[in-house]
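Below is one structure, written out as structure tokens, with a few remarks after it.
The values are calculated or read from the model by the stated rules, or taken from the named source; none is laboratory data. These figures come from a predicted structure and were not determined experimentally. Every residue, glycine among them, receives a Cβ derived from its backbone with ideal geometry; neighbour counts consider all protein chains shown.
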Amino acid sequence: MTGRTIDGADFLAINGVQTLSHKYCNLIGDPDLLAKAGVSSLRLSPHSGDFIAVTQIFADVASGALSRSEGLARLRQAAPDVEFSNGFLFGDCGAAALTVA
């Protein structure tokens, strides 16, 4: 089930006993910022779709085999119906759209 704003935009995803953001938090473009903050590992939350491909994309970006922008492009191909966000990381609205340099 999906919750919507007054304007009709998808806002929440309701999964059994959990209420989750409609957008997927995606930090693939922010490894330098995370490392600077002392983050040494990430937990990827499984979703429907090809999760093995998703984990490989993140691993390839982390190892330098893929650029951040190429990794994001591949994630968007793997999950074309998903909206990504990373706004909370920058103190912005958590649902702010993901941008990668």
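Overview of results
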{"item": "Selected residue [among the aliphatic types (A, V, I, L, M), touching a residue at least 40 places away in the same chain (Cβ under 8 Å) and surrounded by 11 or more Cβ atoms within 10 Å (Cβ to Cβ)] from LEU72, LEU42", "result": "LEU72"}
{"item": "Residue ID - modelled with the highest pLDDT, chosen from residues in region 42-65 that are outside any helix (DSSP H, G or I) and either over 15 Å from the mean Cα position of the chain (by Cα) or of a type in the set (Asp, Glu) (or both)", "result": "ALA65"}
{"item": "Pick from region 80-101, criterion in a helix (DSSP H, G or I) and free of Cβ contacts under 8 Å to residues at least 60 places away in the same chain, ranking: surrounded by the fewest Cβ atoms within 10 Å (Cβ to Cβ)", "result": "PHE90"}
{"item": "Residue count for region 4-41, restricted to those that are part of a loop (DSSP other than H, G, I, E, B), over 16 Å from the mean Cα position of the chain (by Cα) and modelled with pLDDT of 85 or more", "result": "4"}
{"item": "In region 66-79, the residues that are touching an Asp or Glu at 6+ places or on another chain (Cβ under 9 Å), part of a loop (DSSP other than H, G, I, E, B) and either more than 14 Å from TYR24 (Cβ to Cβ) or not aliphatic (A, V, I, L, M) (or both)", "result": "LEU66"}
